[in-house]
Amino acid sequence: MYKQTCTNLLSLSPVEVNKWLDSFDSVITDCDGVLWVYGNVIPGSPETINYLKGMGKSIYFCTNNSTKTRKELLMKGIDLGFNITEEGIIATAHAAASYLKNRNFDKRVYLIGSPGIAQELDAVGIQHTGVGPDVMKAPLGEFMAKHLTIEPNIGAVVVGFDEHFSFPKMTKAASYLSDPKCLFIATNTDERFPMPGMVVPGSGSFVNAIRTCAEREPIVIGKPNPAICQSLIQQKKIIPSRTLMIGDRANTDILLGYNCGFQTLLVGTGIHSLNDVAQWRNSKNPDDKKLIPDVYIPKLGDLLPAILNSITHGRY
């Protein structure tokens, strides 16, 4: 319904809202920027998600955040008031570890990332180099001659969010990737995270630095790669045409929906806005058209009053 029209749900009549609700059985939602911002819940989001679940919709949280394990994301969600289970969480740290496990990977991972990825790799028995700082211990010439150590048996470079990203890490990653048999895996390519008065680099910033240096293209695990939801589709847990993807970032969340054949809902509490949608509408680039959502709402919490209002005009 409303395919790539960016229809404002608040402009629909109760009967139209009711019909839209009838058009999907499953909901896949992004987390940061939709449900919460860092540690703070976005007002109305838990009540809306829990109500949708109470209506019988299957609910899945899908995040490109590679810093947390599924268990950590579960606890965060429960603490913020969401009625979820670990099986309902799709996270790139877990997905990256599963990807390697399913390939029967038996070498060591050079890891640029956070403890969440390390713990998920540990959980499936995959050895890795660990996380933390790797700083320049000397000027470049001396560093290359005396301090740079290239370890044997590295079969993959995995890159996620790393607050300790550095020149030594980029040098080592590119060096390992000079072997064409070494896998180059990115948890996601989110460029940045805006904060009041500043911008925090996202995993995509680190991935692109290594991509440039290594002259290699990564296997991207997270959104918008449809592989992140492939098991749900293959196991028939969701039907793409009857699945709603909710997100705040069009080039990951909405594009994932486009790539998988999901319906899409953009919320205005995160990265992209209606101004961005207007630019994509006017663009001559066909790839920009893929970023236009089916429907829009200022914040997810605004959906619950619309649902409740539709109850008196429909069968919900």
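The values are calculated or read from the model by the stated rules, or taken from the named source; none is laboratory data. The model shown is predicted, which means the values in this text are computed figures rather than measured ones. Don't worry about glycine lacking a Cβ; one is built from the backbone with ideal geometry, like all the others, and counts go over all protein chains shown. Each accessible area value is taken on the protein alone, full model and side chains, heavy atoms only, with ligands, DNA and RNA left out. Shrake-Rupley method; radii C 1.70, N 1.55, O 1.52, S 1.80 Å.
Some points to look at:
- Residue in the range 67-85 that is within 23 Å of Tyr258 (Cα to Cα) and out of contact with any Asp or Glu (no Cβ under 8 Å at 6 or more places or on another chain) present: no
- Selection of the range 139-171 for residues being within 24 Å of the chain's Cα centre (by Cα) and not in a strand (DSSP E or B) yields Gly160, Phe161, Asp162, Glu163, His164, Phe165, Ser166, Lys169, Met170.
- Subset tally (residues that are surrounded by fewer than 19 Cβ atoms within 10 Å (Cβ to Cβ) and under 29 Å from Glu87 (Cα atoms)) for the range 1-20: 2
- Neighbours by Cβ (under 7 Å, 6+ apart or cross-chain): first from the range 114-130, touching a residue at least 12 places away in the same chain (Cβ under 8 Å); second in a loop (DSSP other than H, G, I, E, B) and of a type in the set (A, V, I, L, M): Ser114/Val131; Pro115/Val131; Ala118/Val131
- Scanning the range 212-228 for residues that are in a helix (DSSP H, G or I) and not aliphatic (A, V, I, L, M) turns up Thr212, Cys213, Pro226.
- One residue alone among Leu232, Leu183, Leu177 is under 30 Å from Ser58 (Cα atoms) and of a type in the set (A, V, I, L, M, F, W, C), and that residue is Leu232.
- Residue in the range 241-251 that is in a helix (DSSP H, G or I) and open to solvent by less than 40 Å² (accessible area, probe 1.4 Å) present: yes
- Which listed residue is open to solvent by 20 Å² or more (accessible area, probe 1.4 Å) and either small (Gly, Ala, Ser) or in contact with a strand residue (DSSP E or B) (Cβ under 6 Å, 6 or more places away or on another chain) (or both), from Arg103, Arg108: Arg108
- The number of residues in the range 75-89 being open to solvent by less than 30 Å² (accessible area, probe 1.4 Å) and either under 15 Å from Asp32 (Cα atoms) or more than 18 Å from the chain's Cα centre (by Cα) (or both) comes to 3.
- Close pairs (7 angstrom Cβ cut-off, 6 or more residues apart or separate chains): closer than 11 Å to Cys6 by Cα and modelled with pLDDT of 95 or more in the range 285-306, open to solvent by 40 Å² or more (accessible area, probe 1.4 Å) and of a type in the set (Val, Ile, Thr) anywhere: Asp294/Thr5
- Every listed requirement among (1) touching a Phe, Trp or Tyr at 6+ places or on another chain (Cβ under 7 Å); (2) part of a loop (DSSP other than H, G, I, E, B); (3) at pLDDT 95 or above; (4) more than 25 Å from Gly33 (Cα to Cα) is met by Met136 save one, (3).
- Scan of the range 49-90 for residues that are closer than 22 Å to Thr252 by Cα and of a type in the set (Val, Ile, Thr), ordered by number: Ile49, Ile59, Thr63, Thr67, Thr69, Ile89, Ile90
- Scan of the range 45-62 for residues that are in a strand (DSSP E or B) and of a type in the set (Val, Ile, Thr), ordered by number: Ile59
- Whichever residue in the range 174-211 is part of a helix (DSSP H, G or I) and touching a helix residue (DSSP H, G or I) at 6+ places or on another chain (Cβ under 7 Å) and, among such residues, is nearest to Leu100 (Cα to Cα): Leu177
- Residue within the range 131-150 that is in contact with a Leu (Cβ under 8 Å, 6 or more places away or on another chain) and open to solvent by less than 80 Å² (accessible area, probe 1.4 Å) present: yes
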